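Since the structure comes first, as structure tokens, the remarks are kept for the end.
The values are calculated or read from the model by the stated rules, or taken from the named source; none is laboratory data. This structure is a prediction, so every number in the text was calculated from the model and none was measured. Here Cβ is always computed from backbone atoms with ideal geometry, including for glycine, and neighbour counts include all displayed protein chains. SASA here: full protein model, heavy atoms, side chains in, ligands and nucleic acids out. Shrake-Rupley method; radii C 1.70, N 1.55, O 1.52, S 1.80 Å.
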Amino acid sequence: QVQLVESGGGLVQAGGSLRLSCAASGRTFSVYAMGWFRQAPGKEREFVAAITWSGGSTYYADSMKGRFTISRDNAKNTVYLQMNSLKPEDTAVYYCAAALRSRVLKLGDEYNYWGQGTQVTVSS
């Protein structure tokens, strides 16, 4: 099993930055990739970014490119989501997830474990 604990959410002004963290524990050796998703009230869950655990290949939703950066620290079993130039539209609960295997990392169904989520609120 893999446990995921997210942190770093909070309130930030539009144009500001925020870095989310997701610490993984348990059978982290089995994880192929980590992803970030978000969900705003009344909206569908949306793919944000993903990174492969070993190779560090990154993937982004088109709307996130240029503003968000996903990274990982293998030694700390932690993935990060650096969010810059935040907009009110970015307000959502952000979830990290772990995939044991996947060929389409933007699909939530590909992920086996999920964190509890962390709230990000961007004020205008």
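Looking only at residues in region 96-109 that are open to solvent by less than 60 Å² (accessible area, probe 1.4 Å) and touching a residue at least 60 places away in the same chain (Cβ under 8 Å), which one is nearest to Gly15 (Cα to Cα)? Explain how you work it out, then say what you get.
Going residue by residue through region 96-109, those that are open to solvent by less than 60 Å² (accessible area, probe 1.4 Å) are 96-99, 102, 104-105, 108.
Keeping just the survivors that are touching a residue at least 60 places away in the same chain (Cβ under 8 Å) gives 96-99, 102, 105, 108.
Working: Cys96: 23, Ala97: 26, Ala98: 29, Ala99: 31, Ser102: 33, Leu105: 28, Gly108: 28 Å.
Here the answer is Cys96.
Does region 72-81 hold any residues that are open to solvent by less than 50 Å² (accessible area, probe 1.4 Å) and in contact (Cβ under 8 Å) with a residue 12 or more places away in the chain, and which are they?
Pass one, region 72-81, residues open to solvent by less than 50 Å² (accessible area, probe 1.4 Å): 73, 77-81.
Asn77, Thr78, Val79, Tyr80, Leu81 - these are the residues of region 72-81 that are open to solvent by less than 50 Å² (accessible area, probe 1.4 Å) and in contact (Cβ under 8 Å) with a residue 12 or more places away in the chain.
Is there a residue being open to solvent by 20 Å² or more (accessible area, probe 1.4 Å) and without any contact (Cβ under 8 Å) to a residue 40 or more places away in the chain anywhere in region 5-15?
The answer is no; no qualifying residue exists.
Identify the residue in region 60-71 that is open to solvent by less than 30 Å² (accessible area, probe 1.4 Å) and assigned to a strand (DSSP E or B) and, among all such residues, is nearest to Asp109 (Cα to Cα).
Here is the first cut: in region 60-71, the ones open to solvent by less than 30 Å² (accessible area, probe 1.4 Å) are 61, 64, 68, 70.
Pick out the ones that are also assigned to a strand (DSSP E or B) and you get 68, 70.
Values: Phe68: 22, Ile70: 20 Å.
The selected residue is Ile70.
When you scan region 42-59, do you find a residue that is in contact with a strand residue (DSSP E or B) (Cβ under 8 Å, 6 or more places away or on another chain), part of a strand (DSSP E or B), small (Gly, Ala, Ser) and farther than 16 Å from Asp109 by Cα, even just one? Please lay out each step first, then the result.
Applying the first criterion (in contact with a strand residue (DSSP E or B) (Cβ under 8 Å, 6 or more places away or on another chain)) to region 42-59 yields 43, 45-53, 56-59.
When the remaining residues are screened for being part of a strand (DSSP E or B), the result is 46-52, 58-59.
After this cut, where a residue has to be small (Gly, Ala, Ser) as well, the list is 49-50.
Remaining after also requiring farther than 16 Å from Asp109 by Cα: none.
Taking every residue of region 42-59 in turn, none turns out to be in contact with a strand residue (DSSP E or B) (Cβ under 8 Å, 6 or more places away or on another chain), part of a strand (DSSP E or B), small (Gly, Ala, Ser) and farther than 16 Å from Asp109 by Cα.
Which of the residues that make up region 17-38 are open to solvent by 50 Å² or more (accessible area, probe 1.4 Å), farther than 19 Å from Val2 by Cβ and either free of Cβ contacts under 8 Å to residues at least 60 places away in the same chain or charged (D, E, K, R) (or both)? It would help to see each step written out before you state the result.
Taking region 17-38 and keeping what is open to solvent by 50 Å² or more (accessible area, probe 1.4 Å), we get 17, 19, 25-27, 29, 32.
Filter once more, keeping what is farther than 19 Å from Val2 by Cβ: 17, 19.
Within region 17-38, just Arg19 meets the criteria.
Among the residues of region 101-124, are any in a strand (DSSP E or B), more than 12 Å from the chain's Cα centre (by Cα) and within 20 Å of Gln1 (Cβ to Cβ)?
Yes: region 101-124 contains one or more residues that are in a strand (DSSP E or B), more than 12 Å from the chain's Cα centre (by Cα) and within 20 Å of Gln1 (Cβ to Cβ).
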